[in-house]
Amino acid sequence: MTNADSMPAIPTTDAVRPVALTGDRATGPLHLGHYAGSLRTRVALQDTHRQYLLIADMQALTDTMHDPAKVGRMADEIVLDYLAVGIDPDRTTICLQSALPALAELTMLYLNLVSVARLERNPTVKEEIGLRGFGRAVPAGFLCYPVSQAADITAFRATAVPVGSDQLPMIEQTNEIVRSLNRLCGTAVLPEARAVLSGAARLPGIDGTGKMSKSRGNAIALSASPDAISQAVRAMFTDPAHIRAEDPGRVDGNVVFSYLDAFDPDADLVADLKDRYRRGGLGDSTVKRRLDEVLQEALRPIRERRKALAADPAIPAGVLARGTQDARQVTGAVARDVRRALGLRLT
Ligand code: ATP
Ligand code: MG
């Protein structure tokens, strides 16, 4: 939590608080990567920032248009994940992207400030296009989703964006759009944003092939059952050359150690395990047993809080409705400012 720790410690009043905005695609339940990469930072930002969390259902549709009902169902699941990890709806506004027309409006405007060549150069989008096997049939919405993210960030005038490192190219693209718009208007209509990265800004998936992602089947959900956690730990990628316990093993690129670094509160113990593993004499099963313990301990309270909240479906629905109503005011006013600054007619 290095970046979050460096935020001002003294709570400030709403009027002077900087704005933080981030969100999650409504493609599946949140996982350990979200927790280590962004959710812990978001919980800390509640003390220092005016924070908005956006459930990105429109962005989810850019690769899940074949199953829109799933996207609809996921919205409430993600609200439950937020509440279970300690997001407080009285201090953080939780809102639904598709119910905020100003975001679609700003996206349409910004699309004229970005070239197709620039969109095709975005490294995260390039990687995701490859992983999804779109070939030449890339949905136009998918290619353009960084522009819709620029709309999301700027519609709240956010300056802090707590994200994983896969999102850095999106913030860069957002700031390019902001600079173009401000130049065009001859005034600083919108602020630039910066990423707030955590120490675990790219948690690998359990198979070790890339980042943990909802859509890659390599995730441990925050709501996973104790059995599902143990099963995932057993299947986890370690060092394929570490066959017998007495063999020296590799720690770099070994998923079990990446997770221990991110979640084990006992850093000295992890350092000792790494040492013994590197030297030889420590079996995968011993390290995995420790990780299983650590993850069971970390996820039990989250799962229990989530279960209690899920018993009343009016809770997530109410939180989302209330937050979306607030966000509609804020984003509507910003979109109006942008139209005015551009010299467009307002009615
Ligand atoms: P999808 O596969 O649908 O894209 P995802 O798992 O990548 O889902 P997103 O909704 O795209 O999750 O990302 C939400 C936020 O969580 C972003 O800020 C992203 O950077 C962060 N995040 C996602 N996966 C990880 C990870 N493995 N490690 C750290 N941060 C992550
Ligand atoms: Mg993603």
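Scan the helices (runs of 4 or more DSSP H) fully inside region 33-105 and keep the ones with 2 or more residues being in contact with an Asp or Glu (Cβ under 7 Å, 6 or more places away or on another chain). Even if it seems obvious, please write down each step before you answer.
Numbers: elements: 40-45, 57-64, 68-85.
Those helices (runs of 4 or more DSSP H) span 68-85.
Residue check: is residue 324 part of a helix (DSSP H, G or I), among the β-branched types (Val, Ile, Thr), assigned by TED's automatic domain parsing to the domain that holds residue 54 and open to solvent by less than 90 Å² (accessible area, probe 1.4 Å)? It is true that residue 324 is part of a helix (DSSP H, G or I), among the β-branched types (Val, Ile, Thr), assigned by TED's automatic domain parsing to the domain that holds residue 54 and open to solvent by less than 90 Å² (accessible area, probe 1.4 Å).
Taken across region 153-171, residues that are within 14 Å of ligand 2 (Cβ to nearest atom), modelled with pLDDT of 95 or more and open to solvent by 50 Å² or more (accessible area, probe 1.4 Å) do occur, with at least one present.
Looking at the structure I just gave you, is residue 312 loosely packed, with under 13 Cβ neighbours inside 10 Å and assigned to a helix (DSSP H, G or I)? In short, no. Selection of region 212-231 for residues being within 14 Å of ligand 2 (Cβ to nearest atom), open to solvent by less than 40 Å² (accessible area, probe 1.4 Å) and more than 21 Å from residue 80 (Cα to Cα) yields only 218.
Taken together, the criteria place residue 270 among residues that are touching a helix residue (DSSP H, G or I) at 6+ places or on another chain (Cβ under 9 Å), open to solvent by less than 10 Å² (accessible area, probe 1.4 Å) and free of Cβ contacts under 8 Å to residues at least 24 places away in the same chain. Could you check, for region 174-192, whether at least one of its residues is small (Gly, Ala, Ser), under 28 Å from residue 46 (Cα atoms), more than 10 Å from ligand 1 (Cβ to nearest atom) and open to solvent by 50 Å² or more (accessible area, probe 1.4 Å)? For region 174-192, residues small (Gly, Ala, Ser), under 28 Å from residue 46 (Cα atoms), more than 10 Å from ligand 1 (Cβ to nearest atom) and open to solvent by 50 Å² or more (accessible area, probe 1.4 Å): present.
Evaluate the following for residue 278: is it in the same structural domain as residue 79 (by TED's automatic domain parsing), open to solvent by 80 Å² or more (accessible area, probe 1.4 Å) and either touching a residue at least 12 places away in the same chain (Cβ under 8 Å) or closer than 30 Å to residue 188 by Cβ (or both)? Quick ask: steps written out before the conclusion?
Details: in the same structural domain as residue 79 (by TED's automatic domain parsing): no; open to solvent by 80 Å² or more (accessible area, probe 1.4 Å): yes; either touching a residue at least 12 places away in the same chain (Cβ under 8 Å) or closer than 30 Å to residue 188 by Cβ (or both): yes.
So residue 278 does not fit the description; no.
May I ask you to list the residues in region 103-125 that are under 15 Å from residue 156 (Cα atoms) and open to solvent by 10 Å² or more (accessible area, probe 1.4 Å)? Hits for region 103-125 are 104, 105, 107.
Regarding residue 219, is this residue within 14 Å of ligand 1 (Cβ to nearest atom) and within 30 Å of residue 298 (Cβ to Cβ)? Yes.
Those residues that are part of a loop (DSSP other than H, G, I, E, B) and open to solvent by less than 40 Å² (accessible area, probe 1.4 Å), I need them from region 232-262; list them, please. Show your work before the answer.
Step one: of region 232-262, the residues part of a loop (DSSP other than H, G, I, E, B) are 235-254.
Of everything in region 232-262, those that are part of a loop (DSSP other than H, G, I, E, B) and open to solvent by less than 40 Å² (accessible area, probe 1.4 Å) turn out to be 236, 238, 239, 242, 247, 249, 251, 254.
Tell me the residue from 248, 204, 265 that is free of Cβ contacts under 8 Å to residues at least 60 places away in the same chain and within 16 Å of ligand 2 (Cβ to nearest atom), please. Before the answer, list the steps.
On the way: 248 fails: within 16 Å of ligand 2 (Cβ to nearest atom); 265 fails: within 16 Å of ligand 2 (Cβ to nearest atom).
Exactly one residue qualifies, and that residue is 204.
Consider region 232-245 and keep the residues that are touching a Phe, Trp or Tyr at 6+ places or on another chain (Cβ under 9 Å) and not aliphatic (A, V, I, L, M). The one that is nearest to ligand 2 (Cβ to nearest atom) is 238. The number of residues in region 63-79 being touching a Ser or Thr at 6+ places or on another chain (Cβ under 8 Å) and open to solvent by less than 40 Å² (accessible area, probe 1.4 Å) comes to 4.
Taking region 113-144 as the range and being assigned to a loop (DSSP other than H, G, I, E, B) and under 16 Å from residue 167 (Cα atoms) as the test, the residues that pass are 122, 144.
The values are calculated or read from the model by the stated rules, or taken from the named source; none is laboratory data. The shown structure was predicted, so the numbers you read here are calculated from the model rather than taken from an experiment. Every residue, glycine as well, gets a Cβ built from its backbone with ideal geometry; the counts of neighbours run over all protein chains shown. SASA here: full protein model, heavy atoms, side chains in, ligands and nucleic acids out. Shrake-Rupley method; radii C 1.70, N 1.55, O 1.52, S 1.80 Å.
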